[in-house]
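Let me begin by presenting the structure, written as structure tokens, before commenting on it.
The values are calculated or read from the model by the stated rules, or taken from the named source; none is laboratory data. It should be emphasised that the depicted structure is a prediction, and the values quoted were computed from it without experimental measurement. Glycine gets a Cβ as well: all are built from the backbone with ideal geometry, and neighbour counts include every protein chain shown. Each accessible area value is taken on the protein alone, full model and side chains, heavy atoms only, with ligands, DNA and RNA left out. Shrake-Rupley method; radii C 1.70, N 1.55, O 1.52, S 1.80 Å.
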Amino acid sequence: MKPDLFQAPDYYNIDDLLTEEHLMVRNAARDWVKKEVSPIIEEAAQKAEFPKSIIGGLAEIGAFGPYIPAEYGGAGLDQISYGLIMQEIERGDSGVRSTASVQSSLVMYPIWKYGNEEQRKKYLPKLATGEFMGSFGLTEPDHGSNPGGMTTNFKDKGDHYLLNGAKMWISNSPFCDIAVVWAKNEEGRIHGLIVERGMEGFSTPETHNKWSLRASSTGELIFQDVKVPKENLLPNKSGLGAPLGCLDSARYGIAWGAIGAAMDCYDTALRYSKERIQFGQPIAGFQLQQKKLAEMITEITKAQLLALRLGQLKNENKATSAQISMAKRNNVDMAITIAREARQMLGGMGISGEYSIMRHMMNLESVITYEGTHDIHLLITGLDVTGISAFK
């Protein structure tokens with residue numbers, strides 16, 4: 001087992017712009033990833049298994065709802081701290097970051113923002129400690145980029161709701177304790193429902209044969225006449241804007257997380273290039289390899305500044321959905337490009353599980369399309385700057 005020698009690049013001294021709390025939170029997450037994730041993640045990915053043993057550690061470093069107020073079990077941190085935690089976790093693995101993102105932004109966030117006090121107190125503390133794990137049901141077999149076309153629905157049966165439908169490509173679903181599910185009522189209005197494991201007619205089959213996010217547990221959510229108590233409806237927001245608000249928070253975390261994957265690929269390629277001797281000298285001394293490395297560190301630095309400014313705007317409640325889309329699209333595209341270039345620098349070793357690059361590259365193939373595809377986010381920016389919708 002190779003030691004984790006990762007050294008984070010900070011070409012523009014961005015650490016100087018962070019507070020002591022930011023650095024403490026970031027360093028705690030970085031140390032935990034080195035100790036608990038790096039030693040096991042390659043084997044987990046090869047076996048296509050999510051390492052459930054790390055759930056407690058994720059909770060301890062504040063990865064579950066870091067911005068949720070302390071009264072509900074969260075750490076009460078700001079948005080930049082949240083981003084930094086996601087960056088460090090994805091430096092370890094995108095699938096592990098997906099687990100934390102779903103728990104934080106897609107399960108805890110809607111309960112906190114759209115739920116009532118009883119729901120917050122019932123679920124949030126257990127989600128913060130990892131005692132409960134959650135999933136988020138929006139994407140359907142026939143409705144991905146157009147979630148408003150969903151067919152999952154519920155009907156009012158007097159003392160309960162009757163839920164029917166199916167969701168797919170759902171992180172955490174095979175082992176989730178609760179699911180925040182988006183469905184249409186009889187008038188066609190979208191609402192959020194908290195569905196608990198054990199409710200009759202609720203099943204969560206696992207998705208197999210993935211080439212990407214292999215260390216993440218992915219599955220479906222299937223509802224066959226599931227009786228959901230009326231108190232499990234999220235009362236404080238409805239319509240498509242409700243789940244999209246959750247996705248804004250998750251996409252923000254992805255914008256930071258992708259930087260972590262890119263940093264790991266860059267650091268691996270840089271170290272390898274200094275050690276690998278060809279034609280009598282380290283390949284780091286050849287122009288084409290320096291071009292790759294120079295472009296990598298430039299793009300990472302630009303992405304770091306983009307994410308940091310977005311975090312400042314989030315802290316001030318000024319960040320727009322379009323700004324978040326830009327950061328998600330740019331930073332994931334940056335990361336996948338760096339992963340591909342780094343893979344080439346390592347030659348044949350680049351495809352080996354002895355190094356992290358190929359795993360990152362495969363993971364990022366999912367990250368670039370989930371929670372808004374690369375092209376959809378491009379159209380969101382286009383709509384924002386032109387005022388004309390191309391979603392036709």
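Values as computed for the structure displayed
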read-out	value
Which numbered condition LEU163 misses (of (1) surrounded by 19 or more Cβ atoms within 10 Å (Cβ to Cβ); (2) under 24 Å from the mean Cα position of the chain (by Cα))	(2)
Residue tally, condition of a type in the set (Phe, Trp, Tyr) and under 25 Å from SER98 (Cα atoms), over the range 151-193	3
Failed condition for SER101, given (1) more than 20 Å from ALA335 (Cα to Cα); (2) under 18 Å from the mean Cα position of the chain (by Cα); (3) at pLDDT below 95	(1)
Check on MET108, of a type in the set (A, V, I, L, M) and more than 30 Å from LEU293 (Cβ to Cβ)	yes
Single residue of the range 336-388 satisfying the filter (without any contact (Cβ under 8 Å) to a residue 40 or more places away in the chain, farther than 23 Å from SER249 by Cα and in a loop (DSSP other than H, G, I, E, B)) that is most open to solvent (accessible area, probe 1.4 Å)	ILE388
Filtered residues of the range 116-143 (kept if in contact with a strand residue (DSSP E or B) (Cβ under 8 Å, 6 or more places away or on another chain) and without any contact (Cβ under 8 Å) to a residue 60 or more places away in the chain)	PHE132, GLY134, THR139, GLU140, PRO141
Residue, nearest to ARG97 (Cα to Cα), within the range 219-245, restricted to residues that are open to solvent by 10 Å² or more (accessible area, probe 1.4 Å) and in a strand (DSSP E or B)	GLU220
Condition met for SER145 (among the polar types (S, T, N, Q), open to solvent by 10 Å² or more (accessible area, probe 1.4 Å) and not in a strand (DSSP E or B))	yes
Any chance VAL181 is out of contact with any Lys or Arg (no Cβ under 9 Å at 6 or more places or on another chain) and not small (Gly, Ala, Ser)	no
The range 13-29: number of residues that are part of a loop (DSSP other than H, G, I, E, B) and exposed (fewer than 15 other Cβ atoms within 10 Å of the Cβ)	2
Subset of the range 246-255 [in contact with a helix residue (DSSP H, G or I) (Cβ under 7 Å, 6 or more places away or on another chain) and open to solvent by 10 Å² or more (accessible area, probe 1.4 Å)]	ASP248, ARG251
Top-ranked residue of the range 48-61 - restricted to ones that are surrounded by fewer than 19 Cβ atoms within 10 Å (Cβ to Cβ) and touching a residue at least 40 places away in the same chain (Cβ under 8 Å), ranked as nearest to LEU364 (Cα to Cα)	ALA48
Selection from the range 166-181 of residues that are part of a strand (DSSP E or B) and either closer than 13 Å to VAL228 by Cα or open to solvent by 10 Å² or more (accessible area, probe 1.4 Å) (or both)	ALA166, MET168, TRP169, SER171, ILE178, ALA179, VAL180, VAL181
Some residue of the range 257-273 being open to solvent by 10 Å² or more (accessible area, probe 1.4 Å) and of a type in the set (Gly, Ala, Ser)	no
Near pairs, Cβ below 9 angstrom, 6+ apart or cross-chain, from the range 62-82 (within 16 Å of VAL102 (Cβ to Cβ) and touching a residue at least 12 places away in the same chain (Cβ under 8 Å)) to any residue that is open to solvent by less than 20 Å² (accessible area, probe 1.4 Å) and of a type in the set (Lys, Arg)	ALA63/ARG97
